[in-house]
Amino acid sequence: MPFQVLLVDDHKIMRDGIKAILRHSDEFAVAGEAESGTEAVQMCRKKRPDIILMDIGLPGLNGIETTTEILRHCPEVKIIILSMYDDEHSVVSAIRSGARAFVLKKASDNDLLDALRAVAKGGSYLSPQVSDRLLHRIQRGDLESKPASSALDALSPRELQVLRLVAEGKTSKEIAVMLDLGLQTVRSYRKTMMKKLGVNNVAGITQVALAAGITHFPMAASADQKTP
């Protein structure tokens, strides 16, 4: 029986391309498709796929955050992150979130199938360009063995999620829906997160998020965001 694969990408053309690759393999079958992180979490809980191919740049919850959420509910699923970029931050964040593989979108069909086979067998996989780059950085001593501490170290994973979403212009109500939390719970996370960071408004949250590279596209804050 083929391994069931859930495709998560907000671009239909990307999902269609992957489906075309999998159609030529009797090892894997498409279990479903999702266009957002929230939809992916819901579909995973419903369909229980064996493997998820996850775009890192999803709207709302990004691929890293969605991976964390899915593994809370479906710890048995194996997740492969797909990305346009091979920067160190993305790769390390993906692995720390629980992903078993990191594959570049420019990879060949065979590379993608190799990643699926490795993960299906319980292993892990990095695109050759990614592993080569990390190896060279380690050999040159550019990659620190322990990241420098920052104010963000004091935040929980959930508070980091709320931080990014607030910085990107999401209201507390929108965040509650995206994270499947109560409105008061979200407001409590916001209040605690702001206290830990020593900021008292959305502008301060956005500055912290931009400086840390958590978000790159700040949006205008709505009235709901002006208070925790």
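Nothing in this text is a laboratory measurement; each read-out follows from the coordinates by a stated rule. Quantities reported herein were computed from a predicted structural model and do not represent experimental measurements. Note that each Cβ is placed from the backbone with ideal geometry, even for glycine, and that neighbours are counted across all protein chains shown.
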> Which of rounded, prolate, oblate describes region 1-135, given a ≥ b ≥ c as roots of the alpha-carbon gyration tensor eigenvalues and a/c under 1.5 marking rounded, otherwise prolate only if a/b is larger than b/c?
Replying inline: rounded
> From the square roots a ≥ b ≥ c of the eigenvalues of the alpha-carbon gyration tensor of region 6-60, which class results: rounded (a/c under 1.5), prolate (a/b over b/c), or oblate?
Replying inline: oblate
> Considering only Cα-Cα distances, which of the following residue pairs are longer than 20 Å: LYS46/LYS78; LYS78/LYS173; LYS12/LYS105; LYS19/LYS78; LYS19/LYS105?
Replying inline: LYS78/LYS173
> region 38-66 to region 94-115: how many Å between their Cα centroids?
Replying inline: 15
> Mind checking which of ASP109, ASP86, ASP26 has the largest fluctuation in a GNM of the chain, springs on alpha carbons under 10 Å?
Replying inline: ASP26
> Given charges of +1 on the Cβ of Lys and Arg and -1 on the Cβ of Asp and Glu, with all other atoms neutral, how large is the dipole of the chain about its Cα centre, in debye to the nearest 20?
Replying inline: 720
> Straight-line reach from LYS196: which lysines have Cα under 21 Å away, leaving out those fewer than 8 places along the same chain?
Replying inline: LYS170, LYS226
>> Can you tell me which aspartates and glutamates have their Cα less than 16 Å from the Cα of LYS121? Leave out same-chain residues fewer than eight positions away.
In response: ASP26, GLU27, ASP50, GLU76, ASP111
> Which whole-number percentage describes the relative contact order of the chain, with Cα contacts under 8 Å and a sequence gap of 6 or more?
Replying inline: 13
> Between ALA31 and residues 5 or more places away or on another chain, which pairs have amide H atoms under 5 Å apart, with H built 1.01 Å from N, and which residues are they?
Replying inline: VAL5, LEU6, LEU7
> Can you list the residues of region 87-130 with backbone N under 11 Å from a point 7 Å past the Cα of SER25, pointing along Cα to Cβ?
Replying inline: 109-121
